[in-house]
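Asker: Right, I'll just put the structure down here and ask away after.
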Amino acid sequence: MLKDQAIAVGPFARLDAGTVAAQDGKTRGAITNLFGSQTAFQAAAMAAALDASDRFERLKFPAPKDFDNAESWLDALLAAESARGPAHGSKPAVNDGFVWALWLSAVPYGIWSEQIAKPSMAEYLKTVDRLEHVIRAALDHFGLAMREGDSVSDLACAIAGLTEGVWLNQCLSKRHPLDKSEPVGALLRRGGRMLWRGAVVPRKAAR
């Protein structure tokens, strides 16, 4: 949405009502009667495709209690996040990585439109909130604390930012860009481990 008008952006602007209707043996009029116009149809298709609320509700992070130490838990969390993201060479499918890639095509329009920016930011905040909860559970379970001056919110935002940054690489390659012997997901696991080691300390050391 730009200003007060519904305008499909990115790949959705090329979505043709006639082509879609023809797949079911209908005419373009069948869709325009429902949506009113080609532009309204494109915008509605964009909204439906980018609504990740149902998939987000199914998102679960590994439970700290299932691991012997914090770094093995963190490694499992980051490996799962890598697998949840986009994969180079994959076919379009309705999954988290595909929806994220669609959102990526709309991101520049968020500079001008609050109506595009708001749902993306709302999803980001939900992700960070869930990360905060599981990080707090991990700190408690493994007897750790945040370093003085750092917060769980800082760490959750850093991990979320790193995850989406590595997902960009996953769009382009299945292998680590600097070490072809490693999968691209190693970027996330190693980077996340460095963030974790720099942010947490044994609970006794924090006193």
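Asker: Kindly indicate whether Leu188 is hydrophobic (A, V, I, L, M, F, W, C) and either touching an Asp or Glu at 6+ places or on another chain (Cβ under 6 Å) or in contact (Cβ under 8 Å) with a residue 60 or more places away in the chain (or both).
Answerer: yes
Asker: In addition: Scan region 158-171 and report the pairs whose first residue is assigned by TED's automatic domain parsing to the domain that holds Leu78 and surrounded by fewer than 19 Cβ atoms within 10 Å (Cβ to Cβ) and whose second residue is of a type in the set (Ser, Thr, Tyr) and part of a helix (DSSP H, G or I), with Cβ atoms within less than 6 Å and a gap of 6+ or a chain change.
Answerer: Here the result reads Ala160/Thr127, each pair linking region 158-171 to a residue that is of a type in the set (Ser, Thr, Tyr) and part of a helix (DSSP H, G or I).
Asker: Another question, if that's okay. Could you tell me whether Ala156 is at pLDDT 95 or above and of a type outside the set (Asp, Glu)?
Answerer: Against the criterion (at pLDDT 95 or above and of a type outside the set (Asp, Glu)), Ala156 qualifies.
Asker: Being among the charged types (D, E, K, R) and farther than 20 Å from Asn169 by Cα is the filter here, so list the residues in region 64-96 that pass it.
Answerer: Lys65, Asp66, Asp68, Glu71
Asker: If you check Asp179 against the conditions, is it without any contact (Cβ under 8 Å) to a residue 24 or more places away in the chain, among the charged types (D, E, K, R) and either surrounded by fewer than 13 Cβ atoms within 10 Å (Cβ to Cβ) or not in a helix (DSSP H, G or I) (or both)?
Answerer: It is true that Asp179 is without any contact (Cβ under 8 Å) to a residue 24 or more places away in the chain, among the charged types (D, E, K, R) and either surrounded by fewer than 13 Cβ atoms within 10 Å (Cβ to Cβ) or not in a helix (DSSP H, G or I) (or both).
Asker: To continue, here is another question. Cβ-Cβ under 7 Å, sequence separation 6+ or interchain: first residue in region 18-30 and under 15 Å from Phe41 (Cα atoms), partner outside any helix (DSSP H, G or I). Which pairs?
Answerer: Short answer, once both residue conditions are applied: Ala21/Thr27.
The values are calculated or read from the model by the stated rules, or taken from the named source; none is laboratory data. This is a predicted model, so every value here is computed, not measured. Positions of Cβ are generated from backbone atoms using ideal geometry, with glycine treated the same way; all protein chains shown enter the neighbour counts.
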